[in-house]
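The values are calculated or read from the model by the stated rules, or taken from the named source; none is laboratory data. Quantities reported herein were computed from a predicted structural model and do not represent experimental measurements. Quick reminder, even Gly has a Cβ in these numbers, built from the backbone with ideal geometry, and neighbours come from all protein chains shown. Ligands, DNA and RNA are stripped out before the accessible areas are found, and what is left, the full protein with its side chains, is counted by its heavy atoms. Shrake-Rupley method; radii C 1.70, N 1.55, O 1.52, S 1.80 Å.
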Amino acid sequence: MSSLVLPILVPLSTAAILMLAPKRPLLQRWIALTGSVVLLASAIALFDRVNTGGIQVIQIGGWPAPFGISLVADLLAAMLVVAVGVVGVAVTAAAFAGVDPRREAFGYHPLLQILLMGVAGAFLTGDLFNLYVFFEVMLVASFVLMALHRTSAQVEAAFKYVTINLIASSIFLTALGLLYGAAGTLNMADLAHVWPTMSTPGIDIVLAVLFLIAFSIKAGLFPLFFWLPASYHTPPAAIGAAFAGLLTKVGVYALIRTFTLLFHSASPMLFTLLLTMSVATMVIGLVAALNERDFRRILSFNLVAHIGYTTAGLSLFTPLALAGAIFYILHHIVVITNLFLVSGVLLRLRRTTDIAGLGGLYRSQPVFAVLAMIPIFSLAVVPPLSGFLGKLAIVEGTFAAGAYWVGGAVLVVGLLTLLSMARAWSDAFWRPPEGTRDMTTPGPALLATIAVLSLITIGMTFAAEPLFDLASRSSHQLLHRDEYVRAVLGGTR
């Protein structure tokens, strides 16, 4: 069986096994964790094949492209599927710290596996219609996960979340219909081959704007991000960690994939629009984060702001800027996942994530404080951690492209991030507690998960050079799409 199918098949099979297995919490947790470990192993095997053997392609059912369903893994897709495996292991391991019994009874574990399947499928699909299908798989799974347990805050957030994402899906589907009507294909490699000779400036810009709106909603770009901080802080920490680490990155990935394959020669105004939205996302997200006093809402607005870094690299459309964006995506997936799990420990210790109810954790929980310090300071771009190196790569890319004002904005927003996270760290860990006491212990499962993710962050710091080399090679593949087209279409075109 091709390693390309396994990152989709493994979580789907795990979900099926979980549905058939006895509803015993410990058994369900072990099955889910085993499935996530196998997913990670299959993702690493796929990355190794792509790294050594080039772009990997499989035509489902033996139908040749562009008539059948293609699964494609280039370096970007392979690295992101590995990230899906890492997040999957982290959030399923965190379940051993305790999951609400009602959530487990109503399908928490299989739904999480379906979510992982949807994300992996979105990264590996070779045609736009199946990208839409995997988007809908993610949407259904994430909506139910967010609404499980049905507190009023969760239900309200879930309806906001699903409503705006359904609007994005409708726009995406409309764009697909128009594109298929004009080109007669939705295979991305085939579109990259035929679209430049078939498109006109008018339809090109209309379709590009429709895709930009749909994927910007999914990614959480300004002015379409308001649903994200209104919803991501409401579910349990493990669910929030999976959402924050993966779902917005699918939107960014879709922008990168479609703009490099289809709209690379679109009007410069389109890239200027994306660049303006990216910078506005950075600035407004961090200004909003500075006004928040709840740790999880601070993280949600930081998540919004840092999405702007990745799309800014795409909008400049240079190898260095795009490589910096890819490096930053990989860093951010690990760090933001870890920080949402940290928020779960805060909730466990103090029954709140409001900064006013925290304080003194460095003295009462020194091990947890040291572990939390790593992702907090990495997000805050404290050198030499991976966050600093990622932003340095983006700044270098903006300066090399001559976009000095964008580089300046990245530096200013970096300082705002430092201020936001330093204040959160100070208030939650250093400030003397106001008569509050820890309600329980952090839990070994959560601490171990946070420790592993923190070690990965440190590892990314020490391995920054080979990681950036991978990001540069990935950027080269994206900007020289002929290799992708040849790998998928072979001799059919």
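The table that follows gives values for the structure above.
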| quantity | calculated |
| --- | --- |
| Per residue value of the accessible surface for the chain (all protein chains in place, 1.4 Å probe), Å² | 35 |
| Net charge, HIS332 excluded, C-beta distance under 11 Å - Lys, Arg +1, Asp, Glu -1 | +2 |
| Gain in span if fully extended, SER267 to ALA182, counting 0.36 nm per residue against the direct Cα distance | 28.7 nm |
| Rounded Å value of the spacing that divides the Cα centres of region 406-430 and region 109-157 | 31 |
| Long-range lysine pairs (8 or more apart or interchain), the chain, Cα under 27 Å | 5 |
| HN-Hα J in Hz across region 230-243 - Karplus 6.51, -1.76, 1.60, θ = phi - 60°, x for Gly and Pro | 7, 10, 5, 8, 8, x, x, 4, 5, 5, x, 5, 5, 4 |
| Backbone HN-Hα couplings from phi across region 19-29 [Karplus 6.51/-1.76/1.60, Hz, Gly and Pro as x] | 5, 8, 6, x, 7, 9, x, 5, 4, 4, 5 |
| Estimated inter-spin distance, ARG363 and VAL140, nm [label 7 Å along Cα→Cβ] | 5.3 |
| Average Cα contact separation per residue, the chain, under 8 Å, 6 or more apart, as relative contact order % | 16 |
| Mean residue ellipticity (222 nm) of the chain, computed from DSSP H runs ≥ 4 via -39,500 (n - 2.57), nearest 500 | -25000 deg cm²/dmol |
| Segments 200-206, 414-420, 168-174 sorted - mean Cβ within 10 Å per residue, highest first | 414-420, 168-174, 200-206 |
| 5 angstrom amide H check on ASP354, placed H, neighbours 5+ away | PHE295 |
